[in-house]
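The values are calculated or read from the model by the stated rules, or taken from the named source; none is laboratory data. In this text the structure is predicted, and so the values were computed from the model without any measurement. Every residue, glycine as well, gets a Cβ built from its backbone with ideal geometry; the counts of neighbours run over all protein chains shown. Protein only, heavy atoms only, side chains kept; ligands, DNA and RNA dropped before computing areas. Shrake-Rupley method; radii C 1.70, N 1.55, O 1.52, S 1.80 Å.
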Amino acid sequence: MAQVDTASIDAEYLLAFDRGAPEASMVAKQRRRFSIPWFRWLVLLLAALFFIIPLVAGVIFSLQNDAGQFSLDSIRAINQQIGFSDAFRLSLQLALITVVISMALVVPTAVYVHLKVPKLLAAVEFTTLLPIVFPPIVLILGVLHVTPPFLKDHAWFLALFYVVLAMPFAYRAVESGLQAMDLQVLVEASRSLGGRWGSTLLRVILPNLTTSLISSVVLVTALVFSEYTMSSLAGWITLPVWTEQFAQANGHIVTAVAMLTLLGVWVVLSLIVLVDLSRARLQQRKRSSTS
Amino acid sequence: MTPDATATDVAPTGQAAMPATDTPSVPTGAGVELRSLSRQFGATLALDRFSLTIAPGELVALLGPSGCGKTTALRVLAGFERPDQGQVLVGGRDVTRLPAQKRDMGMVFQSYSLFPNMDARANVGFGLRMRRWSGAKRKARADELLELVGLAEHRTKYPHQLSGGQQQRVALARALAIEPQVLLLDEPLSALDAKVRAELREQIRAIQQRLLITTVFVTHDQEEALSMADRVCVMRAGRIEQVDVPAALYARPTTAFVAQFVGVSSRIEASFDAGQPVILGQRCTARPGSASRETSARLDALLRPEDLTVTPDHDGEATVVHSSFLGGTTRLDVLLGATVLKIDVRSDVAARLSPSTRVRVGLHNDEVLLVEHLEPEGR
Ligand SMILES: Nc1ncnc2c1ncn2[C@@H]1O[C@H](COP(=O)(O)OP(=O)(O)OP(=O)(O)O)[C@@H](O)[C@H]1O
Ligand SMILES: [Mg+2]
């Protein structure tokens with residue numbers, strides 16, 4: 001959830017620059033100049049320790065062998081573990097399918113609601129939040145109960161369920177991007193120039209939504225790569241299920257897998273934020289040189 | 001008439017009395033006819049049997065207070081809004097049911113509407129891309145139009161690198177690139193500062209005259225409307241109050257609303273002598289459009305600041321209460337009875353008319369517009 005927030009704030013911040021809102025840059029500047037009193041530093045430090053200690057412990061543990069000495073064996077060994085590559089591939093496929101279906105559902109819906117029935121925005125947002133409202137286990141047992149058996153025979157049916165689970169994140173990210181751009185005017189400008197709906201979506205809306213789309217995709221992927229209960233109950237060995245099963249066999253290797261997954265997500269997120277920031281800074285510099 | 005017929009040998013659609021511009025070139029725009037358009041939003045009648053005919057190559061300004069339906073009229077013409085009733089004809093063809101993307105109308109919006117992901121040239125070329133022009137032709141045409149709006153050296157800049165005025169000029173070039181049948185401008189200058197606004201106003205008018213493109217310009221700024229338009233259409237609550245050339249609209253408003261909204265007017269109650277109105281002791285004639293004594297017992301004359309004269313007079317019954325210097329002329333607030341009159345005088349004359357000077361007020365012109373009486377508000 002924390003990632004949703006940063007991503008959407010970044011998107012809004014950027015788009016404020018795009019639209020040339022001078023207030024936004026002023027606010028940002030003031031925020032940067034603001035000095036933080038010592039007790040806030042303390043809170044920050046405590047929070048940081050709370051998050052960092054388990055991570056550091058995990059990294060250290062994954063870099064040890066059974067005798068407790070430093071070694072890269074567990075990382076090297078990951079690939080050779082029975083079932084790892086299958087589980088990884090399955091999770092990757094599921095992530096891909098979920099992302100494609102989610103985006104195909106969420107983007108046109110959000111655009112349509114924004115343009116044609118803005119009155120329903122609140123209702124749609126509430127609906128997309130429902131998967132969070134229900135306890136996951138209730139949702140999962142319910143879904144397993146009603147899913148026809150022929151669907152359950154194929155692992156990809158999990159993707160359908162993940163689309164529902166990921167809906168709150170996918171929708172919010174896209175929604176905040178749409179909110180930040182002047183959607184109606186851009187669409188009308190495109191249409192008055194002869195743009196059909198398809199080309200308007202492809203050439204005008206999507207290119208101005210990239211930041212939101214990326215954060216949406218990252219969130220959905222992260223969710224698929226961490227979902228355990230459903231796949232395990234449905235009897236499919238995705239990466240989290242494999243991790244859990246294998247944990248009994250070799251703790252070091254499993255921790256290494258977890259750490260690498262985390263590192264991967266972290267690197268991707270940092271890249272996105274960096275790209276955003278450098279773009280914003282570039283625009284700011286150009287702005288000050290033109291005015 | 002086919003929609004793309006140039007009007008070389010075709011008379012403007014039934015509008016023979018239309019003031020023709022004296023530019024020798026041929027109109028590239030189509031004639032427009034709005035027939036009895038109505039559009040309701042909930043309880044609001046945004047358009048109420050709105051009818052207007054625009055000749056090819058003419059610039060008509062839609063002028064009116066906020067919420068009177070100007071934008072709605074423009075959006076119905078552009079195809080973004082369906083009228084509940086009435087028809088839209090462009091070049092003689094009924095386009096009421098045609099979606100916006102097939103109407104061939106260039107539009108410039110009030111808010112900045114350039115595509116943030118494209119540079120100036122790509123923005124201008126967008127409409128041509130939708131018309132499947134090749135890249136090279138698109139580029140050439142976009143550069144030509146950016147030249148036209150004076151932004152040739154900015155063609156590779158992105159919207160966020162352009163000032164507000166520059167962005168609106170790119171938007172204008174983008175709208176013109178598709179050689180639209182009609183150009184629609186919805187308060188394109190309202191977000192800009194006064195100086196840029198005045199410059200751009202002239203530039204838009206010059207380009208419009210050069211291309212002779214049929215144009216509808218929405219504004220709530222009367223100065224903008226009067227200075228740019230061939231004709232001004234004053235709207236109020238979804239209806240047309242008066243359509244006329246700027247000079248006539250100013251000199252001969254036919255309703256109290258127009259007289260108050262366009263330019264400045266003062267009210268003086270008329271007395272009657274043998275059925276003839278008498279104002280400031282002078283016999284006058286009622287202008288067409290005046291209210292009659294049958295409908296209301298008491299009538300006011302609406303007078304422009306330059307319709308009135310002031311002469312210093314110790315026995316005069318009026319007093320100068322305020323003067324504001326406007327350059328060549330000075331506007332005086334003169335208190336007569338309970339009414340404050342706005343009167344323009346030459347500034348050298350005004351030098352002798354400092355506040356609290358007693359004056360006599362007279363009329364320049366004995367043709368006046370009479371409207372229903374309104375009690376003067378207490379000062
Ligand atoms: N989509 C809409 N839904 C509901 N009411 C609307 C809508 N569009 C316009 N209206 C109403 O219709 C009336 C006319 O609106 P319109 O935007 O045409 O006015 P306008 O003359 O352009 O005003 P302004 O000068 O403020 O732009 C207003 O009362 C407005 O509230
Ligand atoms: Mg408007």
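Data table
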item	result
Separation in nanometres of the label points that stand 7 Å from Cα toward Cβ, at residue B:131 and residue B:221	3.0
Solvent-accessible ranking of B:356, A:176, A:85, largest area first, probe 1.4 Å	B:356, A:85, A:176
Heavy-atom accessible surface that B and A bury in contact, both chains counted, 1.4 Å, Å² to 100	2400
All-pairs alpha carbon distance profile, the range B:222-379, 10 Å steps from 0, percent	10, 36, 35, 16, 2
Inter-centroid distance (Cα atoms) of the range B:292-316 relative to the range A:134-184, Å	74
Cα lying deepest toward the dipole's positive end in the range A:81-290, options A:164, A:176, A:137, charges on Cβ	A:176
Relative counts (whole %) of C-alpha pair distances in the range B:161-279, using bins that are 10 Å wide	11, 36, 29, 13, 7, 3, 0
Most positive-pole-ward Cα, A:95, A:197, B:303, against dipole of the protein assembly as shown from beta carbon charges	A:95
Sequence of B:295, B:254 when ordered by accessible area, the most exposed leading, probe 1.4 angstrom	B:295, B:254
Full-stretch length increase - residue A:185, residue A:39 - with 0.36 nm per residue and alpha-carbon distance subtracted	48.0 nm
With DNA, RNA and ligands ignored, accessible area of residue A:128 (1.4 Å probe; Å², nearest 10)	10
Helix axis angle, B:164-177 relative to chain B longest principal axis, alpha carbon, degrees	60
Size-normalised alpha-carbon gyration radius of the range B:179-233, reference 2.2 N^0.38 Å	1.07
With DNA, RNA and ligands ignored, accessible area of residue A:96 (1.4 Å probe; Å², nearest 10)	110
Inverse mean reciprocal Cα-Cα distance (Kirkwood Rh) of chain B, Å	23.1
Point-charge dipole on Cβ atoms (K/R +1, D/E -1) for the protein assembly as shown, about Cα centre, debye to 20	1320
Stretchable slack from residue A:244 to residue A:275, in nm (0.36 nm times residue separation minus alpha-carbon distance)	7.7 nm
³J(HN,Hα), Karplus 6.51/-1.76/1.60, whole Hz, each residue of the range B:335-348, x for Gly, Pro	8, 10, x, 9, 9, 9, 9, 9, 9, 9, 9, 4, 5, 5
Whether the range A:81-290 is rounded, prolate or oblate, judged on the alpha carbon gyration tensor where a/c under 1.5 counts as rounded	oblate
Listed residues A:242, A:156 arranged by accessible area, highest first, probe 1.4 Å	A:156, A:242
Residue B:221 - accessible surface, heavy atoms, 1.4 Å probe, Å² rounded to 10	40
Radius ratio Rg over Rh of the protein assembly as shown, counting only Cα atoms, Kirkwood formula for Rh	1.13
For chain B, size of Cβ-based charge dipole, Lys and Arg +1, Asp and Glu -1, in debye	1580
Average projected area [Cα convex hull, the range B:30-154], square nanometres	9.4
Portion, in percent, of the accessible area of the range A:81-290 that falls on carbon or sulfur, probe 1.4 Å	72
Within the range B:84-131: Cβ-based charge dipole about Cα centre, in debye rounded to nearest 20 (Lys, Arg +1; Asp, Glu -1)	200
